[in-house]
Amino acid sequence: MRRRHGLFNVSYKQELALIRTRFEWTLLVAFLLLMAVLPKLISLGWLDFFIRAGITIVVVTGLNLITGYCGQISMGHAAFMGLGGFIGAILMKAGTPFLLALPLAGLSAGISGLIFGMPALRVKGLYLAFTTLAAHYIIMFILVRLLGGTVGYEVAPPTVLGFKLNSEMRIYYLVLIMAFLSTCFAKNIVRGKAGRAFVAVRDHDIAANTLGINIYYYKLLVFFVGCVFAGVGGFLQVVYFGWASADTFTLWSAIWYIGMIIVGGMGTIVGVFFGSFFILGIDHFCSIVSPMVANAFPVLSGTVLGALPLLVFSLVLMLFIVFEPRGLAHRWEIIRESFRVFPFNY
Amino acid sequence: MNELINYLITGVANGFIYSMIAIGFILIFKCSKIFNFAQPEITILGAYIIYAATVQFKLPFMLGIGITIGLIAILALIIERVLLRPMIGQPILSIILLTLGLGSFVRGAIILIWGTEWLRFPPLFPEGGVAIGRIATLSYPHVFFLSMCSLFILSLGAYYRFSRGGLAMRATADDIIVAKVLGIKVTRVLALTWVIASTVGGIGGALLTSVTGIHYTAVEIGFKSMAVGLVGGLESLAGVIVVGPLLGIAETLIAGYIDPLVGGGLSEVAAYFVLMVVLIFRPHGIFGWETIERV
Amino acid sequence: MVNVEVKYSEVILVLRGISLELPANKIVCLLGANGAGKTTTLKAISGLLGSEDGKVTDGFIEFSGERIDRLETEIITKLGISQVLEGRRVFEHLNVDDNVRTGALSRGDGEIKVDIERVYGYFPRLGQLKKRTAGYLSGGEQQMLVIARALMGRPKVLLLDEPSLGLSPLLVQEVFNVLGRIQADTRMSMLLVEQNANIALKISEYGYVLENGRVVLDGPSEKIIENQDIREFYLGLSELGSRKSYREVKHYKRRKRWL
């Protein structure tokens, strides 16, 4: 984040600070307050949107760490989500309390991330994209065949700290807290030693190695951490839907998540927010618009609902890649800068 | 024993189709370093077009193939000109994601036009097949596959190796800047590679689905071909020709012998499992060229 | 080329208004230290700037009366300007014969066979290595190969980028001998970029010295060889090779007169 004029960091502590000025504090508090009272202000349909957005933010934050900050392409993210969701569901069915199942779900996803991230030590770039694709298929196979995936598990509303999560609103608060926590956690990682190591690995891993950064350690670490996020997100999704099924974790979801970090801005925390809301917004928009399109073109009516989001999403993705590869976050920076230096050009 | 031979033959036939599609894939990669994640979708697009031609419009099969080739060639040209020209020189991640986005777009278009249920072809080939000695019979579809694929692969190979156009392609694949300096119209070469790759992809998809029926999840075919390409080594056409049938055989064998034990589905994953294992030991594929990185 | 300015990525100014002229049938050399802008000059002529995000931002380049600075490389090559890139970039995975043939891909069929014979005549060693994979050739052989390849296009102008790079002195002599022969036979013009000022000045008739993107000296090659500054800084000859007196160096540092 750019600081105002006249504001200098005179100590390392200040450099690291998440929130630097009183202005930023007030902004953050206002935002949190807004989020907190949101359920009172909006309808149920929108609440669903925000819940899904929150879950997505958790998951995509993880992906952002892996791909955005560390440069490791991961197409298997949806599968890791699924793993977390399934493990969590199985645990809860076996009676584990929610607060224990959540970290365990995340952990199991993280460990699988470690395992399937190991090819990253040997391959790079598009080969890695492909091994993660393979990882997706293999994990889904495990889920479906060995863990009874397609039938799935029913997940009863869990009880957290005495609150039974049987209403949308309560789930919303849970998701809100998790999204907040995961963002803080990610920001913390990013500004610390690990975060800098990730970026070094992304930019030029061989050079980073010569500087003494253990790239093997950090590549595995980022997969672990990123997949913990995915697992937690997957578990949240399973709790929200009330059902754990393999069909909700598709390869196409993984591609959507990748699209979100591109559109939002890879390697930025705020980009996650931009990307998630923007893409989910497109999805929402499509579902609203589909009936109208169907009425206009009756011959397409049966398929529009499924196809339109895909078409619009992929079009948006391609446009962004060609014209604004650094995503909305970059655009936002430019807009802010232009306000700051108004009326000059640059 | 009979069963085994049948599995082998089917595997080889299927595998050749994977090889053929993979060759198209590799061609694009060699010449322009672009990994075409849209290839799977273009593959099944070919299948859908043939379906449309033969079932919906009731045209003869061969004409359907001709139309497929034509339409996909045009599509490839458009893609190359509009999307990929501006992207030369961009980082590989962007290009991968662009082709991914393109694939999604094609997928969306397919779903829009044809919906999401399974579509079946009417039986295109007579029942039965060609007998090979007394050991096995090669069913007609497989005869068709093998012959078409061999035809394609051989003619592609000959073109690549012996003709002037093929030489231009090989030069462009080797060092695109030098090729430019020598006066080779690299844009034309690239466009041609895209056309070839997409058409073989479309044909391959059409062939395979004529037996199994079409569904939008048939993108599997394309992804498996990508696996074949990667395992064989992205720079080696010969490697791909070897690996394809091997994978096909592995699939059919697993489907026949192991799947009933596990409850099915393992054959799908076989390709990916093999891929991961191979890439861990030989990160550039079995026959691939290692790129030497300098710091 | 007249008053040409070249920028990379719209920010890095590499050529700051240089003008040079390549008369027909002559060999002209372009000297300069690393980073002076010699390769960029050649790339500006042959149109390769685009692939490195560079542009000619001022001035123009003419060939036979027509402007060529905005043209595509392939077209410039067809017009008769061929560049031999630096670093002996052969097509590594093709064999020698294929490499030579790629040089003729931009032409119609016609007299390719004749040219192939001729080219092997200039470089007999290549003739012996026809089926060898080009990537495995020695440096000298590769350099000969890239020149042969460029010749296949029957260029009117040959741009050579540091042909002596990495070659042993004996090989350098051999290559340059052949270059001289080729020039005598075909009467083509050559623009020779070199760091080895010695041999470049010996073979050429006119020379330019480039420094930091500017031409700082130009003239007939004989004059340049005699120029004191050139002798000191590019040819390594000072005071007729006698030992430098360090006292002199300290008190009177010889500076380049054109700064």
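The values are calculated or read from the model by the stated rules, or taken from the named source; none is laboratory data. All values reported here derive from a predicted model rather than from experimental measurement. Cβ placement follows ideal geometry from the backbone for every residue including glycine, while neighbour counts extend to all protein chains displayed. Surface areas here come from the heavy atoms of the whole protein model, side chains and all, with no ligands, DNA or RNA. Shrake-Rupley method; radii C 1.70, N 1.55, O 1.52, S 1.80 Å.
To keep it simple, each residue is scored yes or no on (1) of a type in the set (Gly, Ala, Ser); (2) more than 8 Å from chain B (Cβ to nearest Cβ); (3) outside any loop (DSSP other than H, G, I, E, B).
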| site | (1), (2), (3) |
| --- | --- |
| C:Gln83 | no, no, yes |
| C:Arg88 | no, yes, no |
| C:Asn99 | no, yes, yes |
| C:Ser106 | yes, no, no |
| C:Val114 | no, yes, yes |
| C:Arg118 | no, yes, yes |
| C:Gly121 | yes, yes, yes |
Can you pull out every residue in the range C:21-56 that is on the phi < 0 side of the Ramachandran plot and charged (D, E, K, R)?
C:Glu21, C:Lys26, C:Lys38, C:Lys43, C:Glu52, C:Lys55
Hey, can you tell me all the residues within the range A:310-326 that are more than 7 Å from chain B (Cβ to nearest Cβ) and in a loop (DSSP other than H, G, I, E, B)?
A:Glu324, A:Arg326
Checking the condition part of a helix (DSSP H, G or I) and at the interface with chain C (Cβ under 7 Å from one of its Cβ atoms), which residue from B:Ile177, B:Ile184, B:Ile153 passes?
B:Ile177
Residues in the range C:91-100: is at least one under 18 Å from the mean Cα position of the chain (by Cα) and open to solvent by less than 20 Å² (accessible area, probe 1.4 Å)?
no
Return the only residue of A:Ala230, A:Ala246 being buried (at least 19 other Cβ atoms within 10 Å of the Cβ), under 21 Å from the mean Cα position of the chain (by Cα) and modelled with pLDDT under 80.
A:Ala246
Tell me whether the range C:73-86 contains one or more residues that are open to solvent by 80 Å² or more (accessible area, probe 1.4 Å) and in contact with a helix residue (DSSP H, G or I) (Cβ under 9 Å, 6 or more places away or on another chain).
no
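Matching residues to (1) at pLDDT 85 or above; (2) buried (at least 17 other Cβ atoms within 10 Å of the Cβ); (3) under 16 Å from the mean Cα position of the chain (by Cα):
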| site | (1), (2), (3) |
| --- | --- |
| A:Val272 | yes, yes, yes |
| A:Phe285 | no, no, no |
| A:Ala307 | no, yes, no |
| A:Ile321 | no, yes, no |
| A:Glu324 | no, no, no |
| A:Ile335 | no, no, no |
Residue check, C:Gly153 surrounded by 23 or more Cβ atoms within 10 Å (Cβ to Cβ), closer than 24 Å to C:Asn25 by Cβ, within 13 Å of chain B (Cβ to nearest Cβ) and touching a residue at least 12 places away in the same chain (Cβ under 8 Å)
yes
Going through (1) modelled with pLDDT under 80; (2) open to solvent by less than 20 Å² (accessible area, probe 1.4 Å); (3) not polar (S, T, N, Q) one by one, B:Ala179 fails only at (1)
Only one of B:Gly89, B:Gly101 is within 24 Å of A:Ile73 (Cα to Cα) and at pLDDT 80 or above; which?
B:Gly101
For the range C:199-208, how many residues are in contact with a helix residue (DSSP H, G or I) (Cβ under 7 Å, 6 or more places away or on another chain), touching a residue at least 60 places away in the same chain (Cβ under 8 Å) and closer than 15 Å to C:Glu162 by Cα?
4
Within the range B:163-174, tally of residues that are more than 7 Å from chain C (Cβ to nearest Cβ) and either part of a loop (DSSP other than H, G, I, E, B) or surrounded by fewer than 20 Cβ atoms within 10 Å (Cβ to Cβ) (or both):
3
Among residues of the range A:200-254 being aromatic (Phe, Trp, Tyr) and outside any helix (DSSP H, G or I), the residue nearest to the other protein chains (Cβ to nearest Cβ) is A:Phe249
Identity of the residue in the range C:128-140, open to solvent by less than 30 Å² (accessible area, probe 1.4 Å) and assigned to a helix (DSSP H, G or I), that ends up farthest from C:Ala24 (Cα to Cα):
C:Ala134
Of all the residues that make up the range A:168-213, how many are polar (S, T, N, Q), under 30 Å from A:Val37 (Cβ atoms) and open to solvent by 40 Å² or more (accessible area, probe 1.4 Å)?
1
Within the range A:121-131, does at least one residue satisfy the condition of being open to solvent by less than 10 Å² (accessible area, probe 1.4 Å), among the β-branched types (Val, Ile, Thr), within 13 Å of chain B (Cβ to nearest Cβ) and over 13 Å from B:Tyr272 (Cα atoms)?
yes
